[in-house]
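A quick write-up on the structure given underneath.
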Amino acid sequence: METGNHSWTTDFILVGLFQYGQMDTLLFTVIAILFAVALLGNITLVLLIRLDQRLHTPMYFLLSQLSIIDMMYISTTVPKMAANFLSDTKNISFLGCKSQAFVFGTLGGSEALLLGFMSYDRYIAICRPLHYPVLMSRKICCSMVSCAWSSSSFNALIHTLYVFQLPFCRSRKVNHFFCEVPFLLPLVCEDTSQYEHTVLMSGLVILLLPFLAILASYARVLVVVFQMRSGKGRSRALSTCSSHLTVASMFYVTTLCTYTRPHSLHSPSRNKVLAVLYSIVTPVLNPFIYSLRNKVVMGALRRQLG
């Protein structure tokens, strides 16, 4: 049994998406393409919002923050996963695993809270347009972003410090493609049932509450939208809200399925599919859903291209 200091020095082994060597080349190619597309799309969106004066509004300020988070989010997991595909070893150091779990938890929590703030922005813009300059001032927007980062960082730090001080006395093989707190618990030789209740509560606060707020705000928005006399205004509002709701639903549903169930009910194959959706697919889709369905962003892109 490995306990004590030895648990701090032994590397973890990341199984990856598949355990069959013949899949590595194909999988590496797919992941590399998705990674490049996500970086290109999010960088383009951030630069457009930075360079075009017409995009200097609260909505696009929050969207640029989402793109920055997505770039960091996918960069936390994919480079190491791609390196493992190309190597004979799947090891990750204890410190590397700890760092990855903390950064991933921070970015995931920040995205969850930021999506909620973005829905609040749309609610104010459509339902209370006269109060929009006051309720969504630059100071309030910066406070929203700071709140998302600070609260998610604190939450991730608490969970990371607690989990990595536990004795890992079983196999160091993590049946996942990156270090994530719920998938490290099966390696702990102590009873973690009480701690899993803490993970559940954190998931409900950081994931479920913003998701419910999004659903409530968009329900109110839809009521107002369908009362509009202008068909053009109605279609623009529906386009903006539907794109945001599509991204939000994919992110929240998949993360809630992961963080609100005890590890005894987890299926490794299902966990990996869910993780791919919220850690890779969502950062890839975000910039394209927001830009391709947004005439203002596409207009800004055309202007920048001359």
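For residue 258, the conditions (1) under 16 Å from the mean Cα position of the chain (by Cα); (2) open to solvent by 30 Å² or more (accessible area, probe 1.4 Å); (3) modelled with pLDDT of 90 or more are fulfilled apart from (2). For the range 89-118, enumerate the residues that are open to solvent by less than 30 Å² (accessible area, probe 1.4 Å) and either modelled with pLDDT under 90 or β-branched (Val, Ile, Thr) (or both). Correct list: 92, 106.
A search for C-beta distances below 6 Å between a residue of the range 150-161 that is part of a helix (DSSP H, G or I) and any residue that is surrounded by 16 or more Cβ atoms within 10 Å (Cβ to Cβ) and among the hydroxyl-bearing types (Ser, Thr, Tyr), counting only pairs 6+ apart in sequence or on different chains, returns 152/106; 152/110; 153/106; 155/202; 156/106.
Filtering the range 160-174 to residues that are within 21 Å of residue 274 (Cα to Cα) and open to solvent by 20 Å² or more (accessible area, probe 1.4 Å) leaves only 173. Residue 167 satisfies every condition listed in (1) assigned to a helix (DSSP H, G or I); (2) over 17 Å from the mean Cα position of the chain (by Cα) except (1). Of the residues that make up the range 186-198, is at least one within 22 Å of residue 91 (Cα to Cα) and in contact with a strand residue (DSSP E or B) (Cβ under 8 Å, 6 or more places away or on another chain)? Yes, the range 186-198 contains a residue that is within 22 Å of residue 91 (Cα to Cα) and in contact with a strand residue (DSSP E or B) (Cβ under 8 Å, 6 or more places away or on another chain). Total residues in the range 175-197 satisfying the condition of being open to solvent by 60 Å² or more (accessible area, probe 1.4 Å), part of a helix (DSSP H, G or I) and touching a residue at least 24 places away in the same chain (Cβ under 8 Å): the figure is 0. Within the set 164, 177, the sole residue that is under 23 Å from residue 260 (Cα atoms) and in contact with a strand residue (DSSP E or B) (Cβ under 8 Å, 6 or more places away or on another chain) turns out to be 177.
Screening residue 205 with (1) closer than 30 Å to residue 123 by Cβ; (2) more than 25 Å from the chain's Cα centre (by Cα); (3) open to solvent by 60 Å² or more (accessible area, probe 1.4 Å) gives one miss only, at (2). Screening residue 124 against (1) farther than 15 Å from residue 244 by Cβ; (2) part of a helix (DSSP H, G or I); (3) without any contact (Cβ under 8 Å) to a residue 60 or more places away in the chain leaves a single unmet condition, (1). Take residue 261 and tell me if it is farther than 30 Å from residue 54 by Cβ and basic (Lys, Arg). In short, yes.
Within the range 291-306, being outside any helix (DSSP H, G or I) and open to solvent by 30 Å² or more (accessible area, probe 1.4 Å) holds for 293, 305, 306. In this structure, does residue 214 turn out to be at pLDDT 90 or above, surrounded by 16 or more Cβ atoms within 10 Å (Cβ to Cβ) and farther than 16 Å from residue 108 by Cα? In short, yes. Restricting the range 52-88 to residues that are more than 21 Å from the chain's Cα centre (by Cα), open to solvent by 30 Å² or more (accessible area, probe 1.4 Å) and in contact (Cβ under 8 Å) with a residue 60 or more places away in the chain leaves a set whose member that is farthest from residue 111 (Cα to Cα) is 86. Taken over the range 266-290, residues that are open to solvent by less than 20 Å² (accessible area, probe 1.4 Å) and small (Gly, Ala, Ser) amount to 2.
When you look at residue 68, is it closer than 25 Å to residue 132 by Cα and hydrophobic (A, V, I, L, M, F, W, C), yes or no? Yes: the conditions hold for residue 68.
The values are calculated or read from the model by the stated rules, or taken from the named source; none is laboratory data. Source: prediction; values computed, not measured. Backbone-built Cβ (ideal geometry, glycine too); neighbour counts: all protein chains shown. Just so you know, the surface numbers come from the protein's heavy atoms only, side chains and all, with ligands and any DNA or RNA stripped out. Shrake-Rupley method; radii C 1.70, N 1.55, O 1.52, S 1.80 Å.
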